[in-house]
Every structure is written in C-alpha cells, then in structure tokens.
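Remarks on the structure that follows.
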Amino acid sequence: MKVMGVEANGEEAFARIEALKPDVVIVEAEQGESGPEILLSRFLHAQLKARMVRLSLKDNTAIVYCGRRCEANTAEDLVKAVLSSKVVQQ
C-alpha cells in the first residue's frame, strides 16, 4: 500500500482524488460527522473508480462503500439492486 496524499479539507481531498485517481480512499471520521458523507456523495456522483473506506479510530471500525450504479425505473428494480448488494454481517 502506498499513501498518495493526506488532506484535512474535503475540497482539497476531492481535488487530489480526481487528480491522482487512487484505488482506495480512506476517510477518518467519527459517527455523526457530516463532512465524510458530503465527500462520499460527491465521490459517488463523480463515478470515481476507487473504493471509499470510512475509518473510525475511536472504535477501530471501517465501512467500505461501493458506488455501483444501476437503473431503478421501478420499485422492483430498486429492490433487485438492494438484494444484489453484498452485505457482511458482524
């Protein structure tokens, strides 16, 4: 694993992500923080290929987000998309 950059600001981080196109983006955030959610939303909307990991140093947990895009023209399409997502139980 090679660290390609560290940013404290979401805008700077997003610019670096777009420029460097890393395989994985790790965002350190505690439960309830909204900054990482905003970055995640932009990240998925831009359809970047990297995986995004939200890491909590407080309790050593990580959430891996997958930005898989699909069509959901009907409620049934939405249900199929949700059911086809892989869920890991703890």
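Residues of segment 7-32 that are in a loop (DSSP other than H, G, I, E, B) and among the charged types (D, E, K, R): GLU7, LYS21, ASP23, GLU30.
Cβ separations smaller than 6 Å between residues 6+ apart or across chains give the following pairs from segment 4-15 residues that are free of Cβ contacts under 8 Å to residues at least 24 places away in the same chain to residues that are exposed (fewer than 13 other Cβ atoms within 10 Å of the Cβ) and of a type outside the set (Phe, Trp, Tyr): MET4/LEU20. Taking the conditions (1) hydrophobic (A, V, I, L, M, F, W, C); (2) in a helix (DSSP H, G or I); (3) touching a strand residue (DSSP E or B) at 6+ places or on another chain (Cβ under 6 Å); (4) at pLDDT 75 or above in turn, PHE43 satisfies each one other than (4). MET4 meets the conditions (1) in a loop (DSSP other than H, G, I, E, B); (2) modelled with pLDDT under 75 in every case but one. The failed one is (2).
The values are calculated or read from the model by the stated rules, or taken from the named source; none is laboratory data. Model, not experiment: these values are computed from the prediction. Glycine gets a Cβ as well: all are built from the backbone with ideal geometry, and neighbour counts include every protein chain shown.
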